[in-house]
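Below: one structure, written as structure tokens.
The values are calculated or read from the model by the stated rules, or taken from the named source; none is laboratory data. Bear in mind the structure is a predicted one, so any value in this text is a computation, not a measurement. Neighbour counts run over all protein chains shown; Cβ positions are idealised from the backbone, glycine included.
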Amino acid sequence: MQLTAAPQAYLSDVHAQQVAVLTADRAVLVHCTVDSAKQLNGRVRVTATLSQDGTPFATSSIDRTGLRKGETTVTVPLRGLDGVRLWEVDDPALCEIVVTLSVGGRKVHTHPVRTGLREAQFTPDGFLLNGRPLKLFGLNRHQWYPFAGGAMPDRVQRRDAQILKEELNCTMVRCSHYPQASAFLDACDELGILVWEELPGWDHVGDTAWQGLAVRDVHDMIVRDRNHPSIIVWGTRVNETLGQYALYGKTDQLAARLDPTRPCTGAVAGQRGYESALYPVQAAGGVFSFNDYSRPRPPGTPPTLRPPRRGVPYLVSEAVGTLVGAPSFRRTDSPAVQRQQGLLHAWVHEHAAADPRYCGLIAWCGFDYPSGWFHSHRGVKYPGVVDFFRIPKLGAGFYRAQRDPARGAVIEPAFHWDFGPGSPHSGPGRDAIVWSNCDTLVVTVAGRRPVTVRPEHAAFGHLAHPPFRVDLRVDGHGLPELTIEGRVGGHTVLRRRFSADPAFDTLAVSADDAEIVADGQDATRVTLRSVDRYGAPRPHAHGTLAVAVDGPGVLVGEPYLDFGALGGAAAVWIRSLRNAPGTITVTATHPFLDTGTATITAV
């Protein structure tokens, strides 16, 4: 909750509406809401200036003689913007618009907003960003965290966006199924992640009063977030609901009035959802979005997707989850289940990439989350490729490999190199999967003759980087080491080693941030992982992990963690104390692994 002090006449809202972005006549219509506690007499001037990277590009003013009491909208056009760089997923060029309100020649209020110029277009033939085709590649995100629910500070919210873009290489995220933290959306603007934001709800529409609140929620969401260039579509219909034509006619029309630059959508599911009427989508100029949980037929074969509906833009809004494949993907699940998750995601993305009519696919899901519904375990669901603590699972290897090797080579096995209890004593098997963005991998076990393998382009010809398969039927009694060398253009770009000997395992303790602000709100994560001597994850850890904090910080988490139940990977968060700078030391102690520490400075 915030309390803002404002003058009697102030700018309560600024909406930067983009016009003709892809032409030399591109412009921004700055709709400024002036809120006055009394009637204003004399000259009232509203001035808007657009800058990019500190360079002003356009300034314009509108003068009025007097304004009535209450709210008045004044529109200031900004033109001459042909030199402004457009916002792209790989170059998210932002702009600042500063609006000043003057009354009688005296400046009384200034309201800055940030935006970016771009044109996002959904068509029956695919998605275009700034006139160029772009296949949307993403994940759904729930905002929930361990120990704190959704109540994490800005730094922690922003970290999720960094994980999605920098670790998982997503170009899009769906905020399922409610508007999410402004800090997360700000980070999406800065990093170049496209966003679907939707009204709160799932699978239920209530009575007339409930529906009135839903319309209010759509209004508040759009007014709050319409300046974010990352947002490209509004979810104006409750997730997985059908019909409700009167209600969704209202929400679609409201969205068009508040923001005529973005289409509307709402995800549907199942056979009835797939076959539902197209005319509401067509009438609203919207996007047909389908939660596609088509099961493999026959079982054990790769999953497929339903074909796009004709005549409308078509987006796969969910896929895989826990409805296709295993009911959960936990670190304590079998090696076969953990291996399967990445392959399931690869197959559905391959299917979407193969047909240009799919605007893209947003798989289910990015992060594990609390839920008591269907396939949950002790109040948590486990469909995420990243766990509840924001630590990547083996299934995340597919996403981590989908980037240009010029940005960094990736080698991520879809197995643990382990021969202890709970792991196969004959190794990962004949068809062991390795995710990588290299041209070739050279695999060596215990210094023996190396084997060179290449990606499976035949089966995954539309993915940027298909999986590698390698025969790793190995006698594990001698605890052999594994080396995987990645080559690009004939040159070695990355070499990873994996130890099977648990005698050298350690406890890795690491903080996301070296510094946090001593304001009593800021926080950062500290990860706690069982790893081999080379830093690769070691499964099947057991015992209790004890966490202690020394210094001006608060533990957001449990001081004792069942490390075995968590699969040898966990995290806590450290929150600062107000006006208490200093050094915070986090110490984690395990009965079989070394003690680990992390240091954070509150400033």
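Among what's in segment 99-121 and is among the hydrophobic types (A, V, I, L, M, F, W, C) and under 17 Å from GLN17 (Cβ atoms), pick the residue that is farthest from the chain's Cα centre (by Cα). Once the filter is applied, the top-ranked residue is VAL99. Considering every residue within segment 327-335, establish whether at least one is acidic (Asp, Glu), closer than 21 Å to ARG538 by Cα and out of contact with any Lys or Arg (no Cβ under 8 Å at 6 or more places or on another chain). So far as segment 327-335 goes, yes, one or more of its residues are acidic (Asp, Glu), closer than 21 Å to ARG538 by Cα and out of contact with any Lys or Arg (no Cβ under 8 Å at 6 or more places or on another chain).
Say whether the condition of being among the aromatic types (Phe, Trp, Tyr), surrounded by 18 or more Cβ atoms within 10 Å (Cβ to Cβ), touching a residue at least 24 places away in the same chain (Cβ under 8 Å) and closer than 19 Å to VAL442 by Cβ is met by at least one residue in segment 497-509.
Taking segment 497-509 first, the residues among the aromatic types (Phe, Trp, Tyr) are 498, 504.
Subsequent filtering for residues that are surrounded by 18 or more Cβ atoms within 10 Å (Cβ to Cβ) retains 498.
From what's left, touching a residue at least 24 places away in the same chain (Cβ under 8 Å): 498.
Within this subset, residues satisfying the condition of being closer than 19 Å to VAL442 by Cβ are 498.
Within segment 497-509, one or more residues are among the aromatic types (Phe, Trp, Tyr), surrounded by 18 or more Cβ atoms within 10 Å (Cβ to Cβ), touching a residue at least 24 places away in the same chain (Cβ under 8 Å) and closer than 19 Å to VAL442 by Cβ.
Screening LYS38 with (1) at pLDDT below 95; (2) under 21 Å from VAL223 (Cα atoms); (3) charged (D, E, K, R) gives one miss only, at (2). When the strands (runs of 3 or more DSSP E) confined to segment 485-573 are screened for residues that are closer than 30 Å to ALA183 by Cβ, those reaching at least 1 such residues are found at 506-511, 523-531, 544-550, 553-556, 560-562.
Conditions tested, residue by residue: (1) over 25 Å from ASP519 (Cα atoms); (2) in contact with a strand residue (DSSP E or B) (Cβ under 6 Å, 6 or more places away or on another chain); (3) assigned by TED's automatic domain parsing to the domain that holds ASP13; (4) at pLDDT 95 or above.
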site: PRO146; (1), (2), (3), (4): no, no, no, yes
site: ALA161; (1), (2), (3), (4): no, no, no, yes
site: MET172; (1), (2), (3), (4): yes, yes, no, yes
site: CYS175; (1), (2), (3), (4): yes, yes, no, yes
site: CYS188; (1), (2), (3), (4): no, yes, no, yes
site: GLY192; (1), (2), (3), (4): yes, yes, no, yes
site: THR208; (1), (2), (3), (4): yes, no, no, yes
site: ARG237; (1), (2), (3), (4): yes, yes, no, yes
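Just checking, does segment 452-467 include any residue being touching a Gly at 6+ places or on another chain (Cβ under 8 Å), in contact (Cβ under 8 Å) with a residue 24 or more places away in the chain and not assigned by TED's automatic domain parsing to the domain that holds HIS349?
Looking only at segment 452-467, we keep the residues that are touching a Gly at 6+ places or on another chain (Cβ under 8 Å), and these are 467.
Among the residues that remain, those that are also in contact (Cβ under 8 Å) with a residue 24 or more places away in the chain are: 467.
Among the residues that remain, those that are also not assigned by TED's automatic domain parsing to the domain that holds HIS349 are: 467.
Yes: one or more hits.
Within segment 377-424, the set of residues being free of Cβ contacts under 8 Å to residues at least 40 places away in the same chain, more than 22 Å from the chain's Cα centre (by Cα) and in the same structural domain as TRP144 (by TED's automatic domain parsing) comprises ARG378, GLY379.
Any residue at all in segment 143-155 that's of a type outside the set (A, V, I, L, M, F, W, C) and within 26 Å of TRP347 (Cβ to Cβ)? Even if it seems obvious, please write down each step before you answer.
Start the filter on segment 143-155 by keeping residues that are of a type outside the set (A, V, I, L, M, F, W, C), which leaves 143, 145-146, 149-150, 153-155.
Next, only the ones that are within 26 Å of TRP347 (Cβ to Cβ) stay: none.
Within segment 143-155 (the criterion being of a type outside the set (A, V, I, L, M, F, W, C) and within 26 Å of TRP347 (Cβ to Cβ)), the answer is no, since none of the residues qualifies.
Conditions tested, residue by residue: (1) assigned to a helix (DSSP H, G or I); (2) within 19 Å of ARG407 (Cβ to Cβ).
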site: ALA187; (1), (2): yes, yes
site: VAL195; (1), (2): no, no
site: VAL205; (1), (2): no, no
site: ALA214; (1), (2): yes, no
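Counted as qualifying within segment 1-116 are the strands (runs of 3 or more DSSP E) with 3 or more residues that are in contact with a Pro (Cβ under 8 Å, 6 or more places away or on another chain), namely 27-36, 95-103, 106-115.
If VAL223 meets every condition in (1) assigned to a loop (DSSP other than H, G, I, E, B); (2) in contact (Cβ under 8 Å) with a residue 60 or more places away in the chain apart from one, which number is that one? In the conditions (1) assigned to a loop (DSSP other than H, G, I, E, B); (2) in contact (Cβ under 8 Å) with a residue 60 or more places away in the chain, VAL223 misses (1) alone. Scanning segment 259-289 for residues that are within 11 Å of TYR314 (Cα to Cα), outside any loop (DSSP other than H, G, I, E, B) and of a type in the set (Gly, Ala, Ser) yields a total of 2.
For segment 80-90, the set of residues classified as over 24 Å from the mean Cα position of the chain (by Cα), on the phi < 0 side of the Ramachandran plot and surrounded by fewer than 16 Cβ atoms within 10 Å (Cβ to Cβ) consists of ASP82, GLY83, ARG85, listed by residue number. With respect to the conditions (1) in a helix (DSSP H, G or I); (2) out of contact with any Lys or Arg (no Cβ under 9 Å at 6 or more places or on another chain), CYS170 falls short on a single one, namely (1). Do any residues in segment 114-131 that are farther than 26 Å from ALA48 by Cβ and aliphatic (A, V, I, L, M) have Cβ atoms under 6 Å from those of residues that are modelled with pLDDT of 95 or more and surrounded by fewer than 18 Cβ atoms within 10 Å (Cβ to Cβ), where the two are at least six apart or on different chains, and which pairs are they? So the pair list comes out as LEU128/GLN121.
Put simply, of ALA48, ALA93 the only residue that is within 24 Å of SER230 (Cβ to Cβ), of a type in the set (Gly, Ala, Ser) and surrounded by fewer than 21 Cβ atoms within 10 Å (Cβ to Cβ) is ALA93.
Here is a list: ALA446, ALA518, ALA458. Which entry is within 29 Å of ARG390 (Cβ to Cβ) and small (Gly, Ala, Ser)? Answer to the selection: ALA518. Among the residues of segment 178-195, some residue qualifies, meaning at least one is within 19 Å of LEU315 (Cα to Cα) and surrounded by fewer than 19 Cβ atoms within 10 Å (Cβ to Cβ).
Considering GLU71, GLU96, the condition of being touching a residue at least 24 places away in the same chain (Cβ under 8 Å), under 30 Å from MET172 (Cα atoms) and under 37 Å from the mean Cα position of the chain (by Cα) is satisfied by GLU96 alone.
Scanning segment 3-22 for residues that are modelled with pLDDT under 95 and polar (S, T, N, Q), we see that the one that is farthest from LEU94 (Cα to Cα) is GLN8. For the residues VAL531, VAL517, VAL526, VAL493, the requirement of being surrounded by 21 or more Cβ atoms within 10 Å (Cβ to Cβ) and either touching a residue at least 60 places away in the same chain (Cβ under 8 Å) or under 30 Å from the mean Cα position of the chain (by Cα) (or both) singles out VAL526.
Only one of ALA536, ALA571 is under 27 Å from GLY427 (Cα atoms) and in contact with a Phe, Trp or Tyr (Cβ under 7 Å, 6 or more places away or on another chain). Can you tell me which? Every option except ALA536 fails the conditions.
So, in segment 432-457, how many residues would count as being among the charged types (D, E, K, R) and under 32 Å from the mean Cα position of the chain (by Cα)?
In the first step, residues of segment 432-457 are kept if they are among the charged types (D, E, K, R); the result is 439, 448-449, 454, 456.
Keeping just the survivors that are under 32 Å from the mean Cα position of the chain (by Cα) gives 439, 454, 456.
Number satisfying all stated conditions: 3.
Return yes or no: is GLU350 in a strand (DSSP E or B), of a type in the set (Asp, Glu), in contact with a Gly (Cβ under 9 Å, 6 or more places away or on another chain) and at pLDDT 95 or above? When the stated conditions are applied, GLU350 does not pass them. Among the residues of segment 276-291, the one identified as without any contact (Cβ under 8 Å) to a residue 40 or more places away in the chain, among the aliphatic types (A, V, I, L, M) and either buried (at least 22 other Cβ atoms within 10 Å of the Cβ) or not assigned by TED's automatic domain parsing to the domain that holds THR241 (or both) is VAL281.
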